[in-house]
Amino acid sequence: MKLIDSIASEAAQIAAIRRDIHAHPELCFDERRTADIVAERLSTWGIPIDRGLATTGVVGIVHGRDGGACGRAIGLRADMDALPLQELNTFSHASRHAGKMHACGHDGHTAMLLAAAQHLAATRDFDGTVYLIFQPAEEDGGGARVMIEQGLFERFPMQAVFGMHNWPGAPVGTFAVSPGPVMASSNDFRITIRGKGSHAAMPNNGIDPVPIACQMVQGFQTIISRNKKPVEGGVISVTMIHAGEATNVVPDTCELQGTVRTFTPELLDLIEARMKTVAEHTCAAFEASCEFEFRRKYPSTINSAPEAAFARQVMTEIVGADQVLPQQATMTSEDFAYMLQVMPGAYVFISNGDGQHREMGHGGGPCMLHNPSYDFNDELIPLGATYWSRLAQEWLSARV
């Protein structure tokens with residue numbers, strides 16, 4: 001593993017910043033303390049900053065030895081927000097704010113990019129400009145979309161943008177990257193079935209929405225098994241069913257909610273259309289009606305092939321080809337997808353080990369993301385920062 005010495009020597013100091021951020025988690029669009037820490041560190045290292053995009057976003061500007069005159073620029077993005085989750089860890093840097101927790105490692109993402117910023121500002125061993133994008137509100141807030149809408153790429157013109165997420169389950173020292181779709185789109189639905197209430201002892205006097213809902217849920221799964229191509233990735237998950245308030249009353253309504261995940265917009269179009277047809281016709285068959293709502297949230301995260309290949313090359317130089325794995329596409333979603341809709345780039349994974357901090361003293365297997373016992377592994381800070389630094393330096397030098 002070929003780490004940059006100056007980054008490795010500062011890793012403990014950056015880890016302390018990471019743990020401080022972990023102890024003070026902030027939810028989407030409210031990352032004010034975190035943004036202040038980022039801005040203060042960047043300013044200390046002589047990096048000009050811009051604040052205010054998407055409310056709490058921070059963009060650092062590192063010009064190379066030419067002062068950025070060549071016009072080439074690259075964007076490196078880290079997210080800053082936490083999750084509305086109660087932390088179960090008891091180590092000294094556990095969350096001090098009830099119901100808020102860095103359970104996805106965004107504190108580590110911020111730390112890795114800060115470590116790279118310190119090195120890039122100290123060396124400036126490149127021509128062009130590196131834009132350090134510290135983004136708020138990745139967790140369901142669409143902070144990337146908001147930053148774009150407010151002029152991110154117009155105010156900070158760049159030719160490519162890159163992101164990185166820690167990933168539990170593989171040994172530290174491992175990366176993963178692939179071209180094409182690597183994370184799914186995220187979409188929600190709500191269906192309200194309207195029947196006719198009655199006494200539960202006399203269901204013939206009403207139209208029971210509950211068995212209609214059961215038929216509907218089963219029907220949705222035939223969309224996955226019989227309408228989409230078997231080789232395409234798609235998921236329909238009904239995660240909430242709400243109906244009734246008493247055991248002896250057939251309710252008037254039943255509500256279904258859930259999520260749909262796909263890698264392509266074409267499959268998403270098919271699923272939405274078929275779900276609406278199944279819902280409406282199932283209700284009609286039982287003389288009921290329904291209201292169908294479908295909300296498209298994050299698009300699928302699609303890496304451009306040249307940038308994914310370039311990222312793989314840089315990773316290989318750092319950890320060796322055997323430690324750079326194919327990126328297995330996952331049905332989770334990521335709002336960096338919005339940036340990749342506008343700009344070439346790649347979103348990569350850096351392995352976090354088992355996701356459990358040694359101070360926890362827990363046994364057992366891997367602790368996954370969005371888990372109340374999760375913690376970012378500080379061993380990743382010098383590795384991730386080395387990747388960011390090498391990526392920026394080599395990409396700006398390559399003039400691709």
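The values are calculated or read from the model by the stated rules, or taken from the named source; none is laboratory data. Computed from a predicted model, the values in this text were never measured in an experiment. Backbone-built Cβ (ideal geometry, glycine too); neighbour counts: all protein chains shown. We work out accessible area using only protein heavy atoms, side chains counted, and drop any ligands, DNA or RNA first. Shrake-Rupley method; radii C 1.70, N 1.55, O 1.52, S 1.80 Å.
Please report, as a whole percent, how much of the solvent-accessible surface of the chain comes from carbon and sulfur atoms (probe radius 1.4 Å).
Values: 8510 of 16310 Å².
Reported share for carbon and sulfur atoms: 52 percent.
Got the relative contact order for region 204-259 handy, in percent, Cα pairs under 8 Å and 6 or more residues apart? If you can, show how the numbers build up before the last one.
Working: 54 pairs, mean separation 21.4, N = 56.
That works out to 38 percent.
Largest first, what is the accessible-area ranking of S225, S92, S333, S186 with a 1.4 Å probe? Each step should come with its number before you reach the end.
Working: S225 65, S92 95, S333 30, S186 10 Å².
Heavy-atom accessible area, descending, gives S92, S225, S333, S186.
Please calculate the 1.4 Å probe accessible area of C214, with all protein chains present, and give it to the nearest 10 Å².
80
With a cut-off of 8 Å between alpha carbons and a minimum separation of six or more residues, what is the relative contact order of the chain in percent? Kindly include the intermediate steps, with their values, before the conclusion.
Working: 928 pairs, mean separation 97.7, N = 400.
The normalised contact order for the chain reaches 24 percent.
Could you provide, to the nearest whole Å², the per residue accessible area of the chain with probe 1.4 Å?
Values: 16310 Å² over 400 residues.
I get 41 Å² per residue for this part.
Taking a ≥ b ≥ c as the square roots of the Cα gyration tensor eigenvalues, with a/c under 1.5 meaning rounded and otherwise prolate when a/b beats b/c, else oblate, which class fits region 259-355?
Values: a/c = 3.88, a/b = 2.78, b/c = 1.40.
Since a/c reaches 1.5 and a/b is larger than b/c, the shape of region 259-355 is classed as prolate.
Translational diffusion coefficient of region 249-303 at 25 °C, 0.890 mPa s, Stokes-Einstein with Kirkwood Rh over Cα pairs, in µm²/s as a whole number.
186
Taking one equal scatterer on every alpha-carbon of region 1-71, how large is log10 of I(q)/I(0) by Debye at q = 0.13, 0.14, 0.17, 0.18 1/Å?
Per q value, in the given order, log10 I(q)/I(0) is -0.52, -0.59, -0.82, -0.89.
Can you check what the Kirkwood hydrodynamic radius comes to for region 186-289, Cα pairs only, in Å to one decimal?
After inverting the mean inverse Cα-Cα distance, the result is 14.4 Å.
Which order do you get for F29, F91 if you rank them by accessible area with a 1.4 Å probe, largest at the top? Walk me through the numbers on the way to the answer.
Working: F29 60, F91 15 Å².
Highest to lowest solvent-accessible surface, that is F29, F91.
Report, in debye and to the nearest 20, how large the dipole of region 37-166 comes out about its Cα centre when Lys and Arg carry +1 and Asp and Glu carry -1 on their Cβ. Write down the numbers at each step before the final one.
On the way: 10 positive and 14 negative charges, 50 e Å.
Around 240 debye, computed over region 37-166.
Charges only on Cβ, +1 for Lys and Arg, -1 for Asp and Glu: so what's the dipole of region 225-313 about the Cα centre, in debye to the nearest 20? Could the numbers behind the result be given before it?
Values: 10 positive and 12 negative charges, 122 e Å.
Around 580 debye, computed over region 225-313.
Treating the beta-carbon of each Lys and Arg as +1 and of each Asp and Glu as -1, no other charges, what is the dipole magnitude of the chain about its Cα centre, to the nearest 20 debye? If you can, show how the numbers build up before the last one.
On the way: 31 positive and 45 negative charges, 107 e Å.
The dipole magnitude comes to about 520 debye.
Could you bin all the Cα-Cα distances of region 96-149 into 5 Å bins starting at 0 and give me the percent of pairs in each, rounded to whole numbers?
4, 14, 20, 19, 17, 14, 7, 3, 1, 0
Between region 44-76 and region 220-241, what's the alpha-carbon centroid distance in Å?
43
So if I restrict to the alpha-carbon atoms in the chain, what is the Rg, and what is Dmax, the biggest pairwise distance, in Å?
23.8, 83
For n ≥ 4 DSSP H runs only, could you compute -39500 (n - 2.57) per run for the chain, divide by its residues and tell me the 222 nm figure to the nearest 500? Could the numbers behind the result be given before it?
Working: 11 runs with 136 residues, N = 400.
Mean residue ellipticity, 222 nm, calculated: -10500 deg cm²/dmol.
Please list L270, L114, L340 from largest to smallest accessible area, probe radius 1.4 Å, with all protein chains kept in place. Don't jump to the answer; show the numbers that get you there.
Numbers: L270 65, L114 0, L340 25 Å².
Result, largest first: L270, L340, L114.
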